[in-house]
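For reference, the structure is listed below as structure tokens.
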Amino acid sequence: MANFEVSLEKLSSNLPQLQNLCKRDPETYREEFLLQLQHFDSQYEIFKLQQGKASADFIALVTFLSQCSGCYPQELQDFPHKIINLLNDKADVLERQLRFKLVQNLVLIRNRGQLDAMPFFTTCFQLFRLQDKQLRQLLFNSLVSDVQNANVKKRNAQFNRELRTYMRRLILGEDVLVARKTLDVLIELYKKRTWLDQQTVNIVADGCFAKEMKICLACVRFFLGIDTDIARDEQQEDQDHEDYNFSMAAQRTHRHSKKTRSRLRHNTMAEKKMKKLRQKKAAGGGGSKPLLKAMELVRDPQTFAEKLFRVLRSLKKIRFEEKLMFMDLVSRLIGVHHVLLFNFYSYIQNYLHAHQVRA
């Protein structure tokens, strides 16, 4: 009996081993799991009173519970919201490593379908305000992947509509850092052909009139260059496909040759690259969607062009190159949609002289 108690004590102190056992046989090790859950609850209450510094024991408990969340969903139904509360209340003062681990585990729980979409997305988007490059990259990749996975088999219309409405509010909001990263996520989803529709394009069109000039310029660049970027990405995908076919043909040619390390490594890399390409096409729908230019999807091009021209005429403290971007966009709208904007022609005549001063 004494030996059994010693083994349980050792098991409680070795969370990775207990985690493995809980995943294999959840019912047998339920009591040990509940002890760790009680330990976490007490540590959580203590941590809320501190200034963002946590012990290694607390981080290990968070990781353990996140990994076991699929085995004990009923017991851990409040656990994700506790992590969200910590990130919402203490994100600015949390240590970087702890903050990164909390977000990592939150993404894991979300990927397992144990956390609703909007609490997860609202928390992640607000964390973009922090000056933490590693965390921002994790957030960016996780958000893009989550939206792609939600639209793999069929379009989740309600989810897309609710999320895009929230993202539009952030892009037009006061926080420049959050607005810029939210816009980057939206543009990336368009590039990956996950949100290749009119609503997405018109959110970016609204962003051309944001209060912050950085957001306006980023939205203008979207219309001027996104179609070229998509075409370049598709060309690269076709090249990757050809390279893979060539590699597989070479592999069949050398199937009776000596299997050298370099040849095996080359084949493995080619297979991984092609697997990623298939996943990307599955998430984005591949080439089945008709590719319309972003400018063709603008809802009211006449009003859009008129508002852009008003902004252009009001610009004072802006570089000449940036002013040219606005002129370029208005010109393209006129050409694509046959917009009537007569004052624009007299305006650009001032910039057609060889001696024009860049101001």
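The values are calculated or read from the model by the stated rules, or taken from the named source; none is laboratory data. Being a predicted model, the structure only gives us computed values, none of them experimental. Heads up, the Cβs are rebuilt from the backbone with ideal geometry, glycines too, and the neighbour counts pull from every protein chain shown. Accessible surface areas use protein heavy atoms only, side chains included; no ligands, DNA or RNA. Shrake-Rupley method; radii C 1.70, N 1.55, O 1.52, S 1.80 Å.
Things to note:
- Criterion violated by THR268 - all others in (1) within 30 Å of ASN149 (Cβ to Cβ); (2) loosely packed, with under 12 Cβ neighbours inside 10 Å; (3) at pLDDT 85 or above satisfied: (3)
- Where a residue in region 63-76 is under 15 Å from TYR29 (Cβ atoms) and its partner, wherever it lies, is assigned to a helix (DSSP H, G or I) and of a type in the set (Gly, Ala, Ser), with Cβ under 9 Å and at least six apart: LEU76/SER66
- Residue within region 157-167 that is farther than 30 Å from GLN302 by Cα and touching a helix residue (DSSP H, G or I) at 6+ places or on another chain (Cβ under 7 Å) present: yes
- Among the candidates LYS101, LYS90, residue that is under 29 Å from the mean Cα position of the chain (by Cα), surrounded by 15 or more Cβ atoms within 10 Å (Cβ to Cβ) and at pLDDT below 90: LYS90
- Region 157-182, subset assigned to a helix (DSSP H, G or I) and small (Gly, Ala, Ser), residue most open to solvent (accessible area, probe 1.4 Å): ALA157
- Entry remark, region 312-329: residues being acidic (Asp, Glu) and surrounded by 12 or more Cβ atoms within 10 Å (Cβ to Cβ) number 2 in total.
- One residue alone among LEU196, LEU217, LEU224, LEU186 is under 13 Å from the mean Cα position of the chain (by Cα), open to solvent by less than 50 Å² (accessible area, probe 1.4 Å) and touching a residue at least 12 places away in the same chain (Cβ under 8 Å), and that residue is LEU186.
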